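The values are calculated or read from the model by the stated rules, or taken from the named source; none is laboratory data. Everything numeric here is computed off the predicted structure, so don't read it as measured data. We place every Cβ from the backbone using ideal geometry, glycine too, and count neighbours over all the protein chains shown.
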Amino acid sequence: MPLSAAVSAPLPVLGRDVLVPLADGSEVTYAALDYAASAPALQRVWDEVAAYAPYYGSVHRGAGYLSRLSTELFENSRRTVAEFLGCRPDDQVVFTRSTTDSLNLLAGALPWRTRVFVFETEHHAALLPWGRRDDVRVTWLDAPRAPGEAVDILERALAARDPHGPALVCVTGASNVTGELWPVRELAAAAHAHGARIVLDAAQLAPHHPVDISELDVDWVAFSGHKLYAPFGAGVLAGRADWLGEAEPYLAGGGASRRVVRDGRGLVRVEWQEGAARHEAGSPNVIGVHAIAAACKALTEAGFDALVERERALVDRVRAELAELPRVRVLSLFGEGAPRVGVISFVVEGWDSGRFAAALSEGYGIGVRDGLFCAHPLVRVLLGREPEECGGSLNAVRVSFGVGTPDEHIERFLRAVRELAP
C-alpha cells in the first residue's frame, strides 16, 4: 500500500545518502528512524551554519567586525525563536544546552518551597530536576489512561494543595515513548485556575507540531536543538521572566556578571545581569543558536500544516501494518484514537527488544532505539510489569521519524518487521 502522493515531500536532511554495511557483506543507504533521540540536521541548517562559520567571532565580548556580526546573529536568533514559539511581549528566550539543561535551570529558579506536580509518565529530563532542592516539594501524579483523566488527576492534586505557596506543573507536549499528544491547553487552564504555573517539555512536540506559548497559555516552554534538526549543542527555555530574574544565576561567570569588585575586606562583590544574560554565563554557543534559528525558519516556511499531514499519514501507515502482525504489540497510554506524532514503541513476542533492534540494523540498515527511553516509570506502566518479572529484561523498540524521512525508509521498516515477526 503506497503512501499518498498528495502529501508533501520530505525536507532534505544530512545523511540521506550514507551507506552502511549489512551482515551479508552488502551495503545499503541508512534508514535513520531514531528521530526521537536525535534528528538529522536539515540540509538548510547545515548550509546556513557553513555560510556563517568563516565569520565566527565572540558574542557580546568584542568591538571587532566579526564579534559585532556574531552578536547581531545571536540576538537575531533569539528573536526568531521567540516568533517561532509565539512568545508574549514580556517573555524571555534563554539559550541553554538542551531540554534537560533548560528544566534544570528552571528548577534552580523556583521560589522557596515551591510545590511541583509532575506525572510519572514524563521523560527523566522532566521527572528528575525538581527533587534536588530540600525546600521544593514534589507530588508525583499517576499515569492517566485518557487525556481527560490527566486533567482530572491534576485538578484533584492542585485542589488538595496549600493554595498560598507557589506551585508548578511540568508536562510533556508529546510522549517520547508513545508519541501521543497531551492536552496541554486544558492542563494549563487547570493549573492557572488553581494559582499554579506550568512548564511545557516540548522536546518531542516542537519538531513535529506548532508550539505557540500564547495559544497554549503555558508559562514556559523547553526544547532541544538536536531534536529540532539542529544538532549543534543548544537548547531553549522561553517564557515568563519574573522567577528567572529573581533567582541566582544558573552559572556564575562571565556574561552573567555586570560588575565585579573586590572590597576592602578582600571579598568579591558581584552585580548580576538582568534578563536572559543572567543565565547565559560563559561564551555563548552561537553556532548552536544560529542552527536552532535556521531550523525554526525552515519549518515555518515549509508550512506546518503540510508537515503534520504527511507525518500523520506515515504514523497511520505504520500503526495499521503493525496492528496486523499478531506477535507485535504497540504501546499506548491513551488508546488507538489518540492523536500522536511520529514516535511509536512496540514489543515483539519471542524477541528481546535489543536483539530485534540489532536485527533491523544488521539485516536492513535501519536505525531504531531500544530500551526504556529515559522514561523508566512510563515504560513499566505500559508493559505492566517490573524488570524482575521478566528475567531482568524490560525494554521495547522505538521507531521514530519526522520531516526528513523518505517513504522508502518506512516501507523498508515495515517489510523488515513482517519478515522478522511473521
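Conditions (1) among the polar types (S, T, N, Q); (2) in contact with a Pro (Cβ under 9 Å, 6 or more places away or on another chain); (3) outside the structural domain of L205 (by TED's automatic domain parsing), marked per residue:
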| residue | (1), (2), (3) |
| --- | --- |
| E311 | no, no, yes |
| A323 | no, no, yes |
| R327 | no, yes, yes |
| G335 | no, no, yes |
| R340 | no, no, yes |
| S345 | yes, no, yes |
| E349 | no, yes, yes |
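Suppose we filter region 221-248 for residues that are among the small types (G, A, S) and in a strand (DSSP E or B); how many remain? Spell out how you get there, then give the answer.
Of all residues in region 221-248, those among the small types (G, A, S) come to 222, 224-225, 230, 233-235, 238-239, 241, 245, 247.
Remaining after also requiring in a strand (DSSP E or B): 222, 224, 235, 238-239.
Residues meeting the conditions: 5.
A count restricted to region 61-75 and to residues that are surrounded by 16 or more Cβ atoms within 10 Å (Cβ to Cβ), of a type outside the set (A, V, I, L, M, F, W, C) and touching a residue at least 12 places away in the same chain (Cβ under 8 Å) stands at 2. Evaluate the following for G266: is it assigned to a loop (DSSP other than H, G, I, E, B), touching a residue at least 24 places away in the same chain (Cβ under 8 Å) and farther than 23 Å from F223 by Cα? No; evaluated as a whole, the condition is false for this residue.
Identify all residues within region 206-220 that are assigned to a loop (DSSP other than H, G, I, E, B), of a type in the set (A, V, I, L, M, F, W, C) and out of contact with any Phe, Trp or Tyr (no Cβ under 8 Å at 6 or more places or on another chain); write none if there are none.
Filtering region 206-220 down to residues assigned to a loop (DSSP other than H, G, I, E, B) leaves 206-212, 217-219.
In the following step, the residues that additionally are of a type in the set (A, V, I, L, M, F, W, C) were identified as 206, 211, 218.
Listed by number, the list holds a single entry, V218.
Residues in region 43-56 include none that are in contact (Cβ under 8 Å) with a residue 40 or more places away in the chain, small (G, A, S) and surrounded by 15 or more Cβ atoms within 10 Å (Cβ to Cβ).
Taking the criterion of being of a type in the set (A, V, I, L, M, F, W, C), in contact with a strand residue (DSSP E or B) (Cβ under 8 Å, 6 or more places away or on another chain), at pLDDT 95 or above and under 24 Å from A188 (Cα atoms), would at least one residue in region 314-331 satisfy it? No - not one qualifying residue is present in region 314-331. Annotation: of all residues in region 172-215 being buried (at least 23 other Cβ atoms within 10 Å of the Cβ) and polar (S, T, N, Q), the one that is farthest from L105 (Cα to Cα) is T178.
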